[in-house]
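Student: Structure below; questions to follow.
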Amino acid sequence: METGIIIAVVTIVALGIGLLIGSVLFKKASKDKEQDAQAKADIILKDAEAKAELMKKDKIHEAKEKFFQLKAEHEKSITEKDKNISISENRIKQKETTVNQKMEAQQRKEKEVEAQQASMKAQQEVLTKRKVELDQINQKQVAQLEKIAGLTAEQAKAQMIEALKEEAKTAAHSHIKDIMDEAKLTATNEAKKIVVQTIQRVATEHAVENAVTIFNIDNDDMKGRIIGREGRNIRALEAATGIEIIVDDTPEAIVLSGFDPVRRELARLALHQLVTDGRIHPARIEEVVAKVRKQLEDEIVEIGKRTTIDLGIHGLAPELIRMVGRMKYRSSYGQNLLQHSREVANMCAIMATELGLNVKLAKRAGLLHDIGKVPDDEPELPHAILGMKLAEKYKESPEVCNAIGAHHDEIEMTSIISPIVQVCDAISGARPGARREVVEAYLKRLKDLEAMALSYPGVEKTYAIQAGRELRVIVESEKITDKQADVLSMELAKRIQTEMTYPGQVKITVIRETRSVNIAK
């Protein structure tokens, strides 16, 4: 029993001693670990402090470099500003010097003007006094003359005017007739002036119709796309085609303006393709314009070939065929040149058939008579002479060349075909409605011409002929003398020129006929 108790006590004591030893060992191990951790922490802290110090030094260095860079830029900017300010100050000083000089010059001029005005005022006063004195002397002389003559000054003037009136009229008419006769001897210069004035007047009537093309669009939103950002599309299109493109408030329409119909047609076709495709930008515009230009040239050649085939004309030089095609895009007083040339060719053929001449040669000359209006370079020559030179260049027959050159009387006619071409050209151009005039306007102009001439006393009959290019006035010989007939023609010409609008020129012919009639019984 006691032995068991002892064993138990010994066991308890041994267990307590073991626990005490274990606790001491655990505390020692924990302390060792804590010391190791503290040492490691100290090492890590030292490394962190070292890295932080290094980073701090780097940042301070970068900040110093940035500061010096900004300082240098700032100093440079200040230097440039100082330089600009110095330049501006110099300019201002120069302007101030110039202004001062101008002001001094102006002050000198003002003093000179004041001196001149004072001198002129003194002269004016002297002249006024002299005028008063002369008026008084003149009044005394007039009073003495009236007393001697027994007439007042007004009565004397009236008698003198009445006595010289008819004499002055006759002398004036004779003088005018002499001047006109002299002018006819040197009519070349006057004719040139008349032609220039006629062209200027006619151009105002037809320039708009012949210089613009209207391009219709589906909606106004397309206008913005055609113009492009900051106008780059429209500038590219104008540069590529040479045509002015006007985009204004006109609904669903764009105006193509230019004096070359071929370029206007090129711009119209290019715009049509661009609008249809929807892709509109400068590169695409250049591509489409180049493509359309090639198509248009091919179409011009095709039109020329088709025209020669329709008229039965063979062996024409390729360049002449191309020029015939270009006639489609030319006009004269609104009349399409290709239609006009085809019409002249057909009429020449009919006349040649009736006269028993060479029909093919006449038709060939009729088609080519206005070929001088469509060359690419357009030198300063009359179109008839230029057309003749082109025909000679491309080996046309002498009869055809002479007919082309002589259809406006620039050269002498040496072939029987030449007058035929001239007559047919006049018929085609002068017939009513040929040159873009409606029949009502054409008839009204003729009636106005005849009515204007009939309004003068002594006029018996009036006839407007040659499609209104000539006005024939028949007067009564008992009421109108030859000199009065000359005066009437000049007055009519002036009135027509100032009161009427007409293409070309109007010739006024006044006819005074004297007849002696007797009857034999």
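Student: According to the square roots a ≥ b ≥ c of the eigenvalues of the Cα gyration tensor, what is the shape class of region 343-425, taking rounded for a/c under 1.5, prolate for a/b larger than b/c otherwise, and oblate for the remainder? Write out the running numbers ahead of the final one.
Tutor: On the way: a/c = 1.89, a/b = 1.82, b/c = 1.04.
Prolate, since a/c reaches 1.5 and a/b exceeds b/c.
Student: With θ taken as phi - 60° and the coefficients 6.51, -1.76 and 1.60, list the Karplus ³J(HN,Hα) couplings across region 23-38 in order, rounded to whole Hz; mark glycine and proline as x.
Tutor: Once rounded to whole Hz, the list reads 5, 5, 5, 5, 5, 5, 5, 4, 5, 4, 5, 5, 5, 4, 5, 5.
Student: Send over a whole-number figure in Å² for the accessible area per residue of region 256-299, probe 1.4 Å. Don't jump to the answer; show the numbers that get you there.
Tutor: Details: 2280 Å² over 44 residues.
Accessible surface, normalised per residue, equals 52 Å².
Student: While we're on this one: If you take every residue apart from A270 with its C-beta less than 9 Å away from the C-beta of A270, what net charge results, scoring Lys and Arg +1 and Asp and Glu -1? Please report the intermediate quantities before stating the final value.
Tutor: Working: positive: R268, K291, R293; negative: none.
Residues near A270 contribute +3 overall.
Student: Quick one: which residues, 5+ away or cross-chain, put their amide H under 5 Å from the amide H of E460? H built at 1.01 Å from N.
Tutor: Long-range HN contacts for E460: I474, V475, E476.
Student: Note down the nm distance, to one decimal, between modelled labels 7 Å out along Cα→Cβ at R225 and at I350.
Tutor: Computed distance between label sites R225 and I350 equals 5.0 nm.
Student: Where the eigenvalues come from the Cα gyration tensor of region 224-379, what are the semi-axes √(5λ) of the equivalent ellipsoid, largest first, in whole Å?
Tutor: So the equivalent ellipsoid measures 39, 15, 12 Å along its semi-axes.
Student: At L15 and K131, where each label point lies 7 Å from the Cα along Cα→Cβ, what is the point-to-point distance in nanometres?
Tutor: Distance between label points: 15.7 nm.
Student: Now for a different question. Can you give the charge dipole size of region 1-98 about its Cα centre, rounded to the nearest 20 debye, using +1 on the beta carbon of Lys and Arg and -1 on the beta carbon of Asp and Glu?
Tutor: Numbers: 19 positive and 17 negative charges, 108 e Å.
That gives a dipole near 520 debye.
Student: Tell me, what ³J(HN,Hα) does each residue in region 300-313 have, in order and in whole Hz, if you take phi through Karplus 6.51 cos²θ - 1.76 cosθ + 1.60 with θ = phi - 60° and put x for Gly and Pro?
Tutor: Values, residue by residue: 4, 4, 5, 5, x, 5, 5, 5, 5, 5, 4, 8, x, 9 Hz.
Student: How much net charge surrounds N402 when only other residues with a Cβ under 13 Å from its Cβ are counted (Lys, Arg +1; Asp, Glu -1)? Before the final figure, lay out each step's value.
Tutor: Values: positive: R364, K389; negative: E392, E396, E399, D409, E410, E412.
Combined, the nearby Lys, Arg, Asp and Glu give -4.
Student: State whether region 1-117 is rounded, prolate or oblate according to the following rule on the C-alpha gyration tensor (a ≥ b ≥ c being the square roots of its eigenvalues): a/c under 1.5 gives rounded; otherwise a/b larger than b/c gives prolate, and the remaining case gives oblate. Don't skip to the end; give the middle numbers.
Tutor: Numbers: a/c = 27.51, a/b = 7.79, b/c = 3.53.
It is prolate, given that a/c is not under 1.5 and a/b is the larger ratio.
Student: Using the heavy atoms of the protein chains alone and a 1.4 angstrom probe, what is the accessible area of region 457-521 per residue in square angstrom? Working shown, then result.
Tutor: Details: 4500 Å² over 65 residues.
Ligands and nucleic acids excluded, the figure is 69 Å² per residue.
Student: Once the Cβ-Cβ distance between K31 and M55 is put in as r, and R0 is 30 Å, what FRET efficiency do you end up with, to the nearest 0.05? Don't skip to the answer; put the middle values down first.
Tutor: Values: r = 36 Å, r/R0 = 1.19.
According to the calculation, E is roughly 0.25.
The values are calculated or read from the model by the stated rules, or taken from the named source; none is laboratory data. Keep in mind that this is a model prediction, so the values were computed, not measured. All Cβ positions, even for glycine, are placed from backbone atoms using ideal geometry, and neighbour counts span all protein chains on display. Note: accessible area is taken over every heavy atom of the protein model, side chains too, but ligands, DNA and RNA are not part of it. Shrake-Rupley method; radii C 1.70, N 1.55, O 1.52, S 1.80 Å.
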